[in-house]
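Here the structure comes first, spelled out in structure tokens, and everything after it is commentary.
The values are calculated or read from the model by the stated rules, or taken from the named source; none is laboratory data. Everything numeric in this text was worked out from a predicted model, so none of it was measured. Please note: Cβ atoms are built from the backbone with ideal geometry, for glycine as well, and neighbour counts cover all protein chains shown.
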Amino acid sequence: MTNSESREKLCLQILWDHLREHQSHLRSPFFPVFFSLTVYLSCCLPYACLDFLSSRLSLVRRFKIQPHSKVTWTMTWKCLCKTLRNHVCFIFPLSALHWYWKPVFFPPLAPDMLSVVKDILACLLLFDMQYFMWHLLHHKVTWLYNSFHKEHHRYLVPFSLTTQETSIWELLSLSLFSTLNTALLDCHPLTEVLFFITNIYLSVEAHSGYEFPWSPSRLVPFGLYGGARHHGLHHLKFKVNYSPYFTHWDRLFGTLLGPDT
């Protein structure tokens, strides 16, 4: 093991030891819903601030994909209320059941950094495939679209808080995919936490309506990652760009629409 790998392992172990010191809180049935809501709103907050600054600052507007779109307080409040209601009424009861049937296990050792990166990438690729198939099906079958997915297309131009502007069926389906993938790959609990944070952030970023030089779509080469512009086109054009993150499934099925197409 190199010095760099040793330092990375030590950092992860310190982080994991710190989390293990708070096991009583982490084992609480309230923790999953608190964690999910806190991470989600923390990811949305910077973009929400940018939305309200964009009408005043051209510096912000230049990074907005649809610069003339406007996010109002009413739109923000409605999305926020729905998110809170869904977490309290649906996510919490299911989290409590999961807590009852599968107690959290805290192994003494943290995973190594390479395992964390590989497992998170594998979980993202699995989620990308699952959601692409789910998404395509819910657009192709009229009954499924009208009953479950239409709600998410209420806004032609998405903004951060529309990430969870969905039916409860859609929200629970995506939550199931995320939870199932970490179980299938037998991820370390620390990796699970880091994957959930990554997945929530990327979902919010895809709906944010902003593209910066440091956005994932700019950092991942060869157009392999879609990002906010990719998903924004889906909301505008409807029958294209079904993948949440990567672009290979849309390329394979002929549903990819690029910004210059």
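Could you run through segment 37-51 and say how many residues are surrounded by fewer than 16 Cβ atoms within 10 Å (Cβ to Cβ) and more than 17 Å from the chain's Cα centre (by Cα)?
Of the residues in that region, 1 qualify.
Of all residues in segment 78-93, those that are in contact (Cβ under 8 Å) with a residue 60 or more places away in the chain have Cβ atoms under 8 Å from Cβ atoms of residues that are in a helix (DSSP H, G or I) and of a type in the set (Phe, Trp, Tyr), 6 or more apart or on another chain, in Thr83/Tyr40. Apart from one condition, Ser58 fits all of (1) among the polar types (S, T, N, Q); (2) within 25 Å of Leu236 (Cα to Cα); (3) under 20 Å from the mean Cα position of the chain (by Cα); the exception is (3). Taking interchain pairs and intrachain pairs at least six residues apart, which have beta carbon atoms under 8 angstrom, with the first residue in segment 130-159 and farther than 16 Å from Ser173 by Cα and the second of a type in the set (Val, Ile, Thr) and crowded, with 19+ Cβ neighbours inside 10 Å? Cβ pairs passing all conditions: Arg154/Thr162; Tyr155/Thr162; Phe159/Val71. Have a look at Leu176, Leu124, Leu136, Leu84 and point out the one that is surrounded by 15 or more Cβ atoms within 10 Å (Cβ to Cβ) and under 26 Å from Arg27 (Cα atoms). That would be Leu124, the only listed residue that is surrounded by 15 or more Cβ atoms within 10 Å (Cβ to Cβ) and under 26 Å from Arg27 (Cα atoms). When Leu12, Leu19, Leu50, Leu26 are checked against the criterion of being touching a residue at least 60 places away in the same chain (Cβ under 8 Å) and in contact with a Pro (Cβ under 7 Å, 6 or more places away or on another chain), Leu12 stands alone in meeting it.
Looking only at segment 68-85, filter to residues that are part of a loop (DSSP other than H, G, I, E, B) and over 21 Å from the mean Cα position of the chain (by Cα); which one of those is nearest to Leu41 (Cα to Cα)? Ranking the candidates gives Thr72 first. Filtering segment 93-118 to residues that are surrounded by 16 or more Cβ atoms within 10 Å (Cβ to Cβ) and modelled with pLDDT of 85 or more leaves Ala110, Pro111, Asp112, Val116.
If only residues of segment 217-261 that are among the small types (Gly, Ala, Ser) and over 21 Å from Arg154 (Cα atoms) are counted, the one that is surrounded by the fewest Cβ atoms within 10 Å (Cβ to Cβ) is Gly254.
Looking only at segment 86-144, residues that are of a type in the set (D, E, K, R) and part of a helix (DSSP H, G or I) come to 4 in all. Within segment 39-67, the set of residues being in a helix (DSSP H, G or I), among the polar types (S, T, N, Q) and modelled with pLDDT under 95 comprises Ser54, Ser58.
Selection of first residues in segment 169-187 that are closer than 17 Å to Pro93 by Cα and free of Cβ contacts under 8 Å to residues at least 60 places away in the same chain and of second residues that are surrounded by fewer than 19 Cβ atoms within 10 Å (Cβ to Cβ) and among the hydroxyl-bearing types (Ser, Thr, Tyr), restricted to Cβ pairs under 9 Å at least 6 apart or on distinct chains, gives the following pairs, ordered by first then second residue: Trp169/Ser147.
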